[in-house]
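The block underneath contains the structure these notes are about, expressed in structure tokens.
The values are calculated or read from the model by the stated rules, or taken from the named source; none is laboratory data. Small disclaimer: the values here were computed from a predicted structure and weren't measured. Backbone-built Cβ (ideal geometry, glycine too); neighbour counts: all protein chains shown. Heads up: the accessible areas ignore ligands, DNA and RNA and are worked out on the full protein's heavy atoms, side chains in. Shrake-Rupley method; radii C 1.70, N 1.55, O 1.52, S 1.80 Å.
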Amino acid sequence: MATGFRCTGCGACCREVSPGSNLVMVTPAEARAVADAAGRTFDGVAEPYPDFIEGEDGARYTFDWSLRREDGRCLFLEEGRCTVYGARPWICRTYPFMLDGDRLAVSECPGLGAEMSREEARLLAALLIGRQEAEEAEEEGIRSVLASTAVPVETCAVVDSEGVWPVHG
């Protein structure tokens with residue numbers, strides 16, 4: 001499949017068009033980079049991913065962080081532009097594409113079908129591979145944390161590659 005792409009700057013990917021459609025999952029490192037770029041704290045830019053797993057022992061946990069949203073839009077979308085563009089997470093850099101194993105998955109986007117130079121396609125492919133490697137490293141880090149740390153009983157927590165973080169909610 002040959003699919004070109006050129007961002008139209010419409011910001012649709014940054015606005016919620018269906019429940020959770022603009023949910024941006026981030027690693028702890030990505031959240032810190034966005035926080036630094038925005039001059040905010042980690043908690044000011046990231047919140048626990050909203051899908052929690054119910055453990056048999058009463059624990060509730062999730063494995064991801066997501067960027068905060070406000071009024072159905074990404075917190076960093078202002079006047080149609082990303083205010084943390086240079087520090088945007090992998091998911092934003094590669095949208096509307098992602099690798100699902102060895103398969104290229106494509107989300108709906110008005111920029112699809114536009115011409116794309118060979119160099120732009122190579123850069124996007126490198127970003128997709130980098131994103132996949134970063135996601136695999138985060139998953140391995142989570143497995144390592146889970147093997148060495150117990151999720152607190154009767155609490156909510158985020159388990160990421162850096163540890164277990166109790167949260168309210």
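Numbers at a glance
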| quantity | calculated |
| --- | --- |
| Members of segment 59-101 that are part of a helix (DSSP H, G or I), open to solvent by 20 Å² or more (accessible area, probe 1.4 Å) and not small (Gly, Ala, Ser) | 85, 90, 91, 92, 93 |
| Any hit, segment 9-24, residues being of a type outside the set (Gly, Ala, Ser), touching a strand residue (DSSP E or B) at 6+ places or on another chain (Cβ under 6 Å), surrounded by 14 or more Cβ atoms within 10 Å (Cβ to Cβ) and not in a loop (DSSP other than H, G, I, E, B) | yes |
| Among the residues listed as 119, 136, 154, 115, the single one being open to solvent by 90 Å² or more (accessible area, probe 1.4 Å), among the acidic types (Asp, Glu), at positive phi and out of contact with any Ser or Thr (no Cβ under 9 Å at 6 or more places or on another chain) | 154 |
| Selected residue [at pLDDT below 95, out of contact with any strand residue (DSSP E or B) (no Cβ under 7 Å at 6 or more places or on another chain) and in a helix (DSSP H, G or I)] from 126, 121, 137, 150 | 121 |
| Which numbered condition residue 43 fails, given (1) free of Cβ contacts under 8 Å to residues at least 40 places away in the same chain; (2) of a type outside the set (Val, Ile, Thr); (3) in a loop (DSSP other than H, G, I, E, B) | (3) |
| Count of residues meeting criterion [over 22 Å from residue 139 (Cα atoms) and open to solvent by less than 80 Å² (accessible area, probe 1.4 Å)] in segment 36-46 | 4 |
| Any pair with Cβ under 6 angstrom, 6 or more apart, that starts in segment 24-37 at a residue that is in contact (Cβ under 8 Å) with a residue 24 or more places away in the chain and ends at one that is open to solvent by 30 Å² or more (accessible area, probe 1.4 Å) and part of a helix (DSSP H, G or I) | 24/91; 31/42 |
| Near pairs, Cβ below 8 angstrom, 6+ apart or cross-chain, from segment 154-166 (closer than 13 Å to residue 26 by Cβ and free of Cβ contacts under 8 Å to residues at least 24 places away in the same chain) to any residue that is open to solvent by 90 Å² or more (accessible area, probe 1.4 Å) and part of a strand (DSSP E or B) | none |
| Pairs, first farther than 19 Å from residue 150 by Cβ in segment 58-76, second part of a loop (DSSP other than H, G, I, E, B) and basic (Lys, Arg), C-beta under 7 Å, six or more apart | 75/68 |
| Hits in segment 157-169 (condition: out of contact with any helix residue (DSSP H, G or I) (no Cβ under 7 Å at 6 or more places or on another chain), within 12 Å of residue 42 (Cβ to Cβ) and either open to solvent by less than 10 Å² (accessible area, probe 1.4 Å) or acidic (Asp, Glu) (or both)) | 158 |
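Matching residues to (1) modelled with pLDDT of 95 or more; (2) more than 17 Å from the chain's Cα centre (by Cα):
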site: 12; (1), (2): no, no
site: 37; (1), (2): yes, no
site: 46; (1), (2): yes, no
site: 52; (1), (2): no, no
site: 65; (1), (2): yes, no
site: 78; (1), (2): no, yes
site: 98; (1), (2): no, no
